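Just so you know, all these numbers are worked out from the coordinates, no wet-lab data involved. These numbers come from a predicted model, not from an experiment. Positions of Cβ are backbone-derived with ideal geometry, glycine not excepted, and every protein chain shown enters the neighbour counts.
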Amino acid sequence: MSELTTYPVQKLSIYGTSNIGAFSTATDSYVIIPPDVPDKVVQALMEILKVRIVKTFISHSTLVGVFTVGNSHGIVLPHTVADEEIEIIKRELRDINIAILKTKLTALGNLVAVNDRAAVASLLLPPEDIKAMEDALGVEVIQMKICNLNVVGSLIVATNRGVLVTPDATDDEIAQLREIFKLPVSVGTVNRGRPFVRAGLIANSNGALVGDETTGPEIMRITQALSGVLT
C-alpha cells in the first residue's frame with residue numbers, strides 16, 4: 001500500500017464556510033474545536049485525524065484555529081483566553097504543556113507554524129514569547145518571513161510527515177523550511193487557488209480535512225505534501 005493511500009483527505013465545511021482551519025487546531029495527540037460544531041463535523045475529524053477531540057471556545061470565540069497553535073507536547077494560547085477555557089484544556093489534556101503568551105497579538109495561528117520537530121514564527125513576536133513557546137512545545141522556534149510577510153502561520157501547514165507552503169514562497173524560503181523541519185516541503189493552495197493554506201486545512205500525520213472548495217489537483221498536492229510523498 002502506498003503512502004498516498006494511507007493518507008486520507010476529505011472535503012469539509014464548518015459553519016457553512018470552506019475556511020475550516022480558522023475553527024480548529026490539530027496535532028497528532030489532540031484536536032481542539034468549538035463546542036457547537038455539528039456532530040457530522042466531529043465525526044469527520046475523528047475518522048480522518050484519529051485523535052482525541054477537545055471542545056472549547058478560545059477567547060469566547062469559535063476561531064480556535066486563529067487564536068491557538070500546538071503540537072503533541074503543548075498548546076500556545078493568547079492572553080485573551082478565558083479561565084474556564086484554560087480549565088477545560090487542563091482537564092482534557094493533562095499531559096500537555098500550556099503557554100499563555102503576553103503579546104498583544106492574539107491571532108497566533110496566523111503567526112506560528114509547528115509540528116513535533118520544529119516551529120517557525122513571525123518576527124513580530126518578542127523573545128520572551130518565543131522562549132515560552134519553545135518551553136511548552138518542546139521544539140526550537142525559528143523566526144522568519146515568507147513572501148516578505150509576517151503571517152507565516154497562515155502560509156504553512158506542517159505535519160510530522162511533510163510540509164505544505166504557499167506557492168508564493170521563494171526557493172530560498174522553501175530550502176530554509178526543509179532545513180528547519182527536516183522534512184519534504186511542497187507548494188500548494190486550497191479552496192480554488194487561495195495561498196493562505198492554513199485557512200483551508202485541518203491536518204495531522206494521519207490525514208487531512210480540506211475546505212469544500214478545494215479542487216482535485218489541489219487535493220493531490222496537499223496529499224503528497226502532508227504525507228511526505230513528493231512526485
Ranked on Cβ counts within 10 Å of their own Cβ, fewest leading, Val64, Val76 go Val64, Val76
Tell me, how many Å apart are the Cα centres for the stretch 90-134 and for the stretch 140-191? 17 Å
Compute the signed sum of charges (Lys and Arg +1, Asp and Glu -1) over the other residues within less than 13 Å, Cβ to Cβ, of Ser13. 0
Rounded to the nearest 0.05, what FRET efficiency is calculated for Glu47 and Asp172 with R0 set to 45 Å and r the Cβ-Cβ distance? 0.70
With each label point set 7 Å from Cα along the Cα-Cβ vector, what nm distance links Tyr15 and Arg192? 2.1 nm
Here are some values of Cα extents along the principal axes in Å: [x] 65, 38, 27; [y] 65, 41, 32; [z] 45, 40, 29. Which one was computed from this structure? [z]
Please give, to one decimal in nm, the separation of the simple spin-label points placed at Ile142 and Lys182, each 7 Å out from Cα toward the Cβ. 1.2 nm
Relative packing of peptides 25-33, 84-92 - highest average C-beta neighbours within 10 Å first: 25-33, 84-92
Using the Cα gyration tensor of the stretch 107-164, with a ≥ b ≥ c the square roots of its eigenvalues, what is the shape: rounded (a/c below 1.5), prolate (a/b larger than b/c) or oblate (neither)? oblate
Give me Leu105, Leu49 ranked fewest to most by other Cβ atoms within 10 Å of their Cβ, as a rough exposure proxy. Leu105, Leu49
Among Leu105, Leu123, Ile86, whose Cα lies farthest out toward the positive end of the dipole of the stretch 75-124, if unit charges sit on the beta carbon of Lys, Arg (+1) and Asp, Glu (-1)? Leu123
